[in-house]
Amino acid sequence: MNPTTVLATISGRDRPGVTAAFFAALAAYDVEVRDVEQVVIRDRLLLAVLFDLRGDPGALRNSVSQAARALGMESEVAIAEEPAGRRSDPTSRSHVTVIGRPLRPGALSHVAQRIADIGGNIETVTQLSSEPAASVEMVVRAPDPVRLRAALVQAAEDTGVDLAVEPAGLRRRAKRLVVLDVDSTLIRDEAIDVLAERAGVGADVTAITDRAMSGHLDFASSLKARVSLLAGLEVEVLESVRDSLRLTPGARTFVRTLRRLGYHVGVVSGGFTFFTDRFVKELDLDFAAANELEIEDGKLTGRIRGPILDRAGKAAALRRFADEHGVPLSQTVAVGDGANDIDMLEVAGLGVAFNAKSALRESADTSVNLPYLDTVLFVLGVSDDEVREAADSADGS
């Protein structure tokens, strides 16, 4: 006897024992479970089970109905018409994370419609967080992942929400090492600009930066030129600037949560070790790479010691740290904001542009444009429950 595919659902006010009672009603029949989904929003539960049944659907329907009535809930049992090819290639399934502050129904409707327009289907929707931004994660099955990504890029522009798309599967939660840029990523400031203001050469340094941004100077040349203007600046001024640098909102939460989840976390900066050393100690980072200012007789000489950590150097540092920690590059994440981070983000398994310039957004796997570093956690599939658990664990340690 060929089995009948059946979808059974039960819904109503949640209470202990509902799931056990529902499956007990099914256990009296020759049932092979194929898929299960249970969702509780506040105190309302929806449990759906897809299964193959050998036997009488009518008798099973009566048993499920009796179990539901005993629980004060509603149930439905229906023959599931399954379209041919339902079990499509798993590579066509993607995790889509939608982040907004606020996240409004209209934005979600627009995203869902864009998915439908390219023939995609939303299989599940899960709330990841409510603070510091609201985020939901969808599992989407689409015939063409490239078209899905393009459609969602447009949806993000249309609605102003942040959207991240990653292939579904174990690879997503297999990330084990995260590298952060420092200036305008881990911290809110650009340290060399703060130094330049203290040295009275702010306008000159800005002019050199503008030349580099316009393509007239490479990063190494521009950094040497800017540092040369700082010659004679006393160490006491550097210390004052170092102590004044401000972490990006959510930075502590971001690092603490990832460390508690077993990630290796560190920084790779085109800035200076004089400043990154503070954050390595303060945040208990696993590794760091940056440029070293030359100091003699308590003053800056206007030179940099050793090779300059430029765009290519940042990518090389990511490779080195991944190798030292035994982590494949496919399991690494890089987060940055500027063109100097492009190579690093392209080398990483997942490149995240954080409040980034357009050149980097075009090269990154995904972009986050809210000013809270911990929102990047939601792109990694970390929920705010896990964030709170990491905070509670830290408080109790």
| query | In nanometres, what is the gap between the two model label sites at Asp144 and Ile295, each 7 Å from Cα along Cα-to-Cβ? | reply | 5.7 nm
| field | Dipole axis of region 4-79 (+1 Lys, Arg; -1 Asp, Glu on Cβ), positive-most option in Ala27, Pro57, Ser11 | value | Ser11
| note | Once normalised by the length of the chain, the mean sequence separation of its alpha carbon contacts under 8 Å that are 6 or more apart gives a contact order in percent of 14 percent
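Relative contact order (percent) for region 4-79, with alpha-carbon contacts under 8 angstrom and 6 or more residues of separation?
47 percent
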| Hey, in the GNM for the chain with a 10 angstrom Cα cutoff, which one of Ala25, Ala339, Ala155 fluctuates hardest? | Ala25
| message | Restricting to Cα atoms and excluding each atom paired with itself, what does the Kirkwood estimate give for region 4-79 in Å? | response | 12.2 Å
| message | Restricting to bridges with both residues inside the chain, how much of the DSSP beta-bridge set is antiparallel, in percent to the nearest 5? | response | 75 percent
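Explain nothing, just the number: relative contact order of region 177-396, from Cα pairs under 8 Å at least 6 residues apart, as a whole percent. Walk me through the numbers on the way to the answer.
Details: 384 pairs, mean separation 50.4, N = 220.
Computed over region 177-396, the figure is 23 percent.
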| field | Translational diffusion of region 177-396, µm² s⁻¹ [Kirkwood Rh, Cα pairs; Stokes-Einstein; 10 °C; 1.306 mPa s] | value | 89 µm²/s
| Taking only Cα atoms, what is the 0 to 90° angle, nearest 10, from helix 18-27's long axis to the longest principal axis of the chain? | 50 degrees
| request: For region 213-249, state which trypsin sites (Lys or Arg not before Pro) are in a DSSP loop and have at most 14 other beta carbons lying within 10 Å of their beta carbon. | output: Arg246
| About the Cα centre, charge dipole magnitude for the chain (Lys/Arg +1, Asp/Glu -1 at Cβ), debye | 620 debye
| said: What does the extension gain come out to for Val33 and Glu324, with contour length at 0.36 nm per residue minus their alpha carbon separation? | reply: 100.3 nm
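Equivalent-ellipsoid semi-axes (√(5λ), Cα gyration tensor) for region 218-324, whole Å, largest first?
After scaling each eigenvalue by five and taking roots: 26, 18, 11 Å.
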| note | For Lys224, counting only lysines whose alpha-carbon sits under 19 Å away and dropping same-chain residues fewer than eight positions off, the answer is Lys299, Lys314
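No value in this document is a laboratory result; all are computed from the given coordinates. These figures come from a predicted structure and were not determined experimentally. Cβ sites come from the backbone with ideal geometry, for glycine too, and all protein chains shown count toward neighbours.
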